[in-house]
Amino acid sequence: MTRYNIALVVGDGIGPELTTSAKTILELINDNSNTKFTIKEVNAGDDALTKFGKALPDFSIDLIKKSEACLKGPVGESAADVIIVLRRLFDLYANIRPAKSYPNIKNLSDNVDLVIVRENTEDVYLGWEFSIDENTIIALRLISEKASRRIAEYAFKTATLRDKKRKVVAVHKANVLRKGDGLFAKTCRLTAEQYPDIEYSELYVDACAMNLIRNPEDFDIVLTTNLFGDILSDEAAQVVGGLGMAPAANVGNNFALFEPVHGSAFDIAGKNIANPSSILLSTKMMLEWLGDKYKDDGPFNESRRIEDAITSLFRQNKKTKDIGGTLSTTDFTKLIAISMY
Ligand code: ATP
């Protein structure tokens with residue numbers, strides 16, 4: 001296949017500015033390569049809630065279902081009603097959050113290249129909170145062997161595809177959450193036995209949070225549960241330059257959705273200063289996933305162009321305000337476009 005249908009969720013806050021940047025780059029690829037996209041804009045989020053009474057209207061779900069992949073801008077107050085629903089609907093069980101050092105971007109180490117592989121369907125995200133009485137709340141945390149096994153397998157498979165470190169660290173808190181994280185850790189250990197070529201270790205989440213600051217370059221694949229992955233990935237993003245640089249993928253067996261790690265950043269919305277690197281690196285991940293799923297070299301090649309262009313601009317110290325530069329969102333996007341072809 002050389003033409004891919006992409007559902008583009010515009011989102012709220014800085015969402016429209018970022019998705020415009022991504023759309024510009026996808027259209028550029030359309031015009032300059034054999035990889036073609038049909039981009040369908042999808043209504044979802046606060047804006048959709050105001051206009052249609054639902055943050056994720058049925059017609060938006062239909063459009064997403066008819067596409068090969070979804071690229072999503074950040075959604076505002078109604079985020080949970082969009083992303084958590086989509087993750088469940090498409091069984092997007094793996095949340096992939098890379099953190100990488102780029103030239104001239106302030107970081108804690110120049111050699112960070114790690115990927116957080118976060119379980120995406122369980123843990124406290126099921127929203128099972130109950131009031132015992134007015135002043136006491138109980139929250140339930142689901143951990144299953146099935147979900148732990150498939151995320152562990154995803155992490156080890158990802159490690160086998162890496163050309164550098166090839167190691168997996170399972171991160172948990174099994175000394176306190178003995179049953180739930182005990183099961184998660186045991187499942188990771190059993191999975192590790194099937195991958196003798198991959199170095200395997202375990203860390204408690206507190207030690208992991210510390211080591212991510214102390215020696216971030218030591219990490220390769222960080223395999224963890226939903227809540228810990230959420231927190232550690234924001235930390236990892238900060239280690240290599242901040243949220244404006246942080247892409248993510250939500251991957252299932254048949255479908256995947258790509259989005260920046262950050263939220264709608266209403267404080268900078270509409271000012272043309274948001275860093276589009278987060279969504280452009282998410283776009284790069286989407287092209288890699290399409291290339292892999294459809295056994296097509298085209299999207300792979302284009303994904304490399306995006307990352308090479310970003311790296312080359314940073315090397316020339318051309319960057320947006322959040323990472324110490326002066327370029328606007330649109331000017332940064334234009335320069336990316338010029339250096340891609
Ligand atoms: P949420 O609760 O939805 O995660 P939040 O309000 O905690 O969102 P984010 O929107 O994730 O916060 O971002 C935190 C801050 O980081 C923003 O207020 C903004 O200043 C900065 N930021 C986030 N993304 C970008 C970006 N792409 N470019 C520049 N700055 C950004």
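Please treat every number below as a calculation from the coordinates, not as lab data. If you're wondering where the values come from, they're calculated on a predicted model, not measured in any experiment. A quick note on method: Cβ atoms are made from the backbone with ideal geometry, for glycine too, and the neighbour counts reach across all protein chains shown.
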Once every DSSP H run of n ≥ 4 in the chain is given -39500 (n - 2.57) and the sum is divided by its residues, what mean residue ellipticity at 222 nm do you get, rounded to the nearest 500 deg cm²/dmol? -13000 deg cm²/dmol
Quick check on the chain: of the DSSP beta bridges with both residues there, what percent are antiparallel, nearest 5%? 40 percent
Net charge, Thr19 excluded, C-beta distance under 14 Å - Lys, Arg +1, Asp, Glu -1: -3
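On alpha carbon coordinates alone, what is the Rg over Rh value for segment 108-239, Rh being the Kirkwood radius?
Values: Rg = 15.4 Å, Rh = 15.3 Å.
My calculation puts Rg/Rh at 1.01.
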Per-residue HN-Hα couplings for segment 62-71 [Karplus 6.51, -1.76, 1.60; θ = phi - 60°; Hz; x = Gly/Pro]: 4, 4, 5, 4, 7, 9, 7, 7, 10, 10
With a ≥ b ≥ c taken as the square roots of the eigenvalues of the C-alpha gyration tensor of segment 228-271, please select rounded if a/c is under 1.5 and otherwise prolate if a/b is larger than b/c or oblate if it is not? oblate
For segment 3-85, taking Cα atoms only, what is the radius of gyration to one decimal and the Dmax to the nearest whole Å? 12.9, 40
List the residues whose amide H sits under 5 Å from the amide H of Ile39, counting only those 5 or more places along or on another chain, with H placed 1.01 Å from N in the peptide plane. Ile6
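Using 0.36 nm per residue of separation minus the Cα-Cα distance, give me the extension gain between Tyr294 and Leu126 in nm, one decimal. Don't jump to the answer; show the numbers that get you there.
Details: separation 168, 0.36 × 168 = 60.48 nm, distance 3.22 nm.
That works out to 57.3 nm of additional length.
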What residues qualify as long-range amide H neighbours of Glu202, i.e. H under 5 Å apart, gap of 5 or more or another chain, H built at 1.01 Å from N? Ala170
GNM of the chain, Cα pairs under 10 angstrom: of Ile273, Ile25, Ile138, the biggest fluctuation goes to Ile138
I need the phi-derived Karplus couplings for segment 102-110: 6.51 cos²θ - 1.76 cosθ + 1.60, θ = phi - 60°, integer Hz, Gly and Pro marked x. 10, x, 6, 10, 4, 8, 8, 6, 7
Identify which of Ile84, Ile137, Ile61 has the largest mean-square fluctuation in a Gaussian network model of the chain, with springs joining Cα atoms closer than 10 Å. Ile137
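How high is the relative contact order of segment 97-158, in percent, with contacts defined as C-alpha pairs under 8 Å that are six or more residues apart?
Details: 63 pairs, mean separation 16.0, N = 62.
Taking the mean separation of contacting Cα pairs over the length of segment 97-158, I get 26 percent.
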Calculate the length of the line joining the C-alpha centroid of segment 1-56 to that of segment 76-155, in whole Å. 23 Å
Along each principal axis of its Cα atoms, how long is segment 33-160 end to end? Whole angstroms, biggest number first, please. 52, 36, 34
For segment 13-23, what does the Karplus curve 6.51 cos²θ - 1.76 cosθ + 1.60, with θ = phi - 60°, yield as ³J(HN,Hα) per residue in whole Hz, taken in order and with x for Gly and Pro? x, 7, x, x, 5, 6, 5, 5, 4, 5, 5
Mean separation of Cα contacts under 8 Å (6+ apart) over length of the chain, as relative contact order %: 22 percent
Run the paramagnetic zone check for Ile231: 7 angstrom along Cα to Cβ, then residues of segment 130-147 with backbone nitrogen under 20 Å. 130, 137-144
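Please compute the contact order of segment 108-239 in relative form: average sequence separation of alpha-carbon pairs under 8 Å and at least six residues apart, divided by the residue count, as a percent. Don't skip to the end; give the middle numbers.
Details: 214 pairs, mean separation 51.7, N = 132.
After rounding, I find 39 percent.
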What FRET efficiency comes out for the pair Lys165/Asn253, r = Cβ-Cβ distance, R0 = 22 Å, nearest 0.05? 0.25
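Provide Rg over Rh for the chain; use the alpha carbon set for both Rg and the Kirkwood Rh (inverse mean inverse pair distance). Show your work: numbers first, answer last.
Values: Rg = 19.6 Å, Rh = 20.5 Å.
Ratio of gyration radius to Kirkwood radius: 0.96.
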Under a 10 Å cutoff between Cα atoms, tell me which one of Ser21, Ser67, Ser278 has the largest fluctuation in the Gaussian network model of the chain. Ser67
Residues of type lysines that Lys173 reaches as a straight line, Cα spacing below 17 Å, ignoring anything fewer than 8 places off in the same chain: Lys186
